[in-house]
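Below: the structure, in structure tokens.
Only the coordinates and a few stated rules stand behind these numbers; no lab work does. Computed from a prediction, not measured in an experiment: that's the story for all the values here. All Cβ positions, glycine included, derive from the backbone under ideal geometry; neighbour counts span all protein chains shown.
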Amino acid sequence: MSKEAHMNYLRRKTADEAELWAADRIEELEAERDEYRIKHEVACSTLELVKERRDAVQRALAAQCKHTKDLEAERDELLALVIRYRKETPLGHQPHMIAHLADAAIAKGEKNA
């Protein structure tokens, strides 16, 4: 085999090896890309779940806040009613056994209001 033929053989061999290396590298990169795509999809679905849970918690807190405000309004109405009862009902017509309970409720209500 002549020197030129031998050089051509080496060039072809080197080109074939480079082509094989490039094909292997492409496969590795495609596998890596697929792995990152899967991780991205998992991260996105997890993020969606977190957002849904956050929204559910916010709705629950808003409902609880509204319920608390409703209870506070009802407490204030009842306190006003007990105060009115103690002021407007003559002492002789107030049952003595609940008078001290009404006074305690008034004191507690005024402290919490």
Scan of the stretch 81-98 for residues that are in contact with a helix residue (DSSP H, G or I) (Cβ under 9 Å, 6 or more places away or on another chain), in a helix (DSSP H, G or I) and surrounded by 10 or more Cβ atoms within 10 Å (Cβ to Cβ), ordered by number: Val82, Ile83, Tyr85, Arg86
Can you confirm whether Lys3 is surrounded by 10 or more Cβ atoms within 10 Å (Cβ to Cβ) and basic (Lys, Arg)? no
Could you list, ordered by first residue, the pairs with Cβ atoms under 8 Å in which the first is in the stretch 60-81 and within 29 Å of Gln94 (Cα to Cα) and the second is of a type in the set (D, E, K, R) and surrounded by 10 or more Cβ atoms within 10 Å (Cβ to Cβ), at least 6 apart or interchain? Leu79/Glu110
I'd like to know if the stretch 18-25 contains one or more residues that are within 30 Å of Gly109 (Cβ to Cβ), more than 27 Å from the chain's Cα centre (by Cα), surrounded by 10 or more Cβ atoms within 10 Å (Cβ to Cβ) and of a type in the set (D, E, K, R). no
Being surrounded by 10 or more Cβ atoms within 10 Å (Cβ to Cβ), on the phi < 0 side of the Ramachandran plot, more than 44 Å from the chain's Cα centre (by Cα) and of a type outside the set (Ser, Thr, Tyr) narrows Arg11, Arg37, Arg75, Arg54 down to just Arg11
